[in-house]
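Report on one structure; see the data block that follows.
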Amino acid sequence: MKESKFLERIERMDKLIQRRRTGRAEDLARRLDISTRSVFNMLRIMKEDFNAPIVFDRGLNTYRYKTEGSIVAAFVAKEKT
C-alpha cells in the first residue's frame, strides 16, 4: 500500500474514532473499503506506533479514544529564531 493511501486511511479512521462512528471492525472495513484484517492491523499500528488509546466500547458498539485527542500526520515548519 502506498504511504499516502495508508495515511489517508489513518486520518479517516481517526475522524471516525473521534466521532465514535466506526461501528464494529466489519463495519469499519466496509466504510474504508478494506478487509477486516487490515482494520485490525491499522488499529494495532495506531495503538503501538502512534500511542493512540483506542478501545472498543461495547455499549456504544464503536471504537473510541479513552482520552480525547487526534492523530496528526503533517509537515510542521520550524519557527524562525
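Bear in mind that the values in this text are calculations on the coordinates, not laboratory data. From a predicted model like this one, the values you see are computed outputs, not experimental measurements. Because the Cβ atoms are built from the backbone with ideal geometry, glycine has one as well, and the counts that use them run over all protein chains shown.
Each label point is 7 Å from the Cα along the Cα-to-Cβ direction; what then is the distance between the points at E8 and A77, in nm?
2.6
Report the gain in length on full extension from R21 to F56: 0.36 nm times residue separation, minus Cα-Cα distance, nm rounded to one decimal.
Going from the current span to full extension adds 11.5 nm.
When you have a sec, figure out the Kirkwood radius of region 36-81 from all distinct Cα pair distances and drop it here in Å to one decimal?
Every distinct Cα pair counted, the radius reaches 12.6 Å.
In percent, what relative contact order does the chain have, based on Cα pairs under 8 Å that are 6 or more apart in sequence?
Result for the chain is 32 percent.
Please report, to two decimal places, log10 I(q)/I(0) for the chain at q = 0.23 Å⁻¹ as given by the Debye formula with identical point scatterers on the Cα atoms and no solvent.
Listed by q, the Debye log ratios stand at -1.13.
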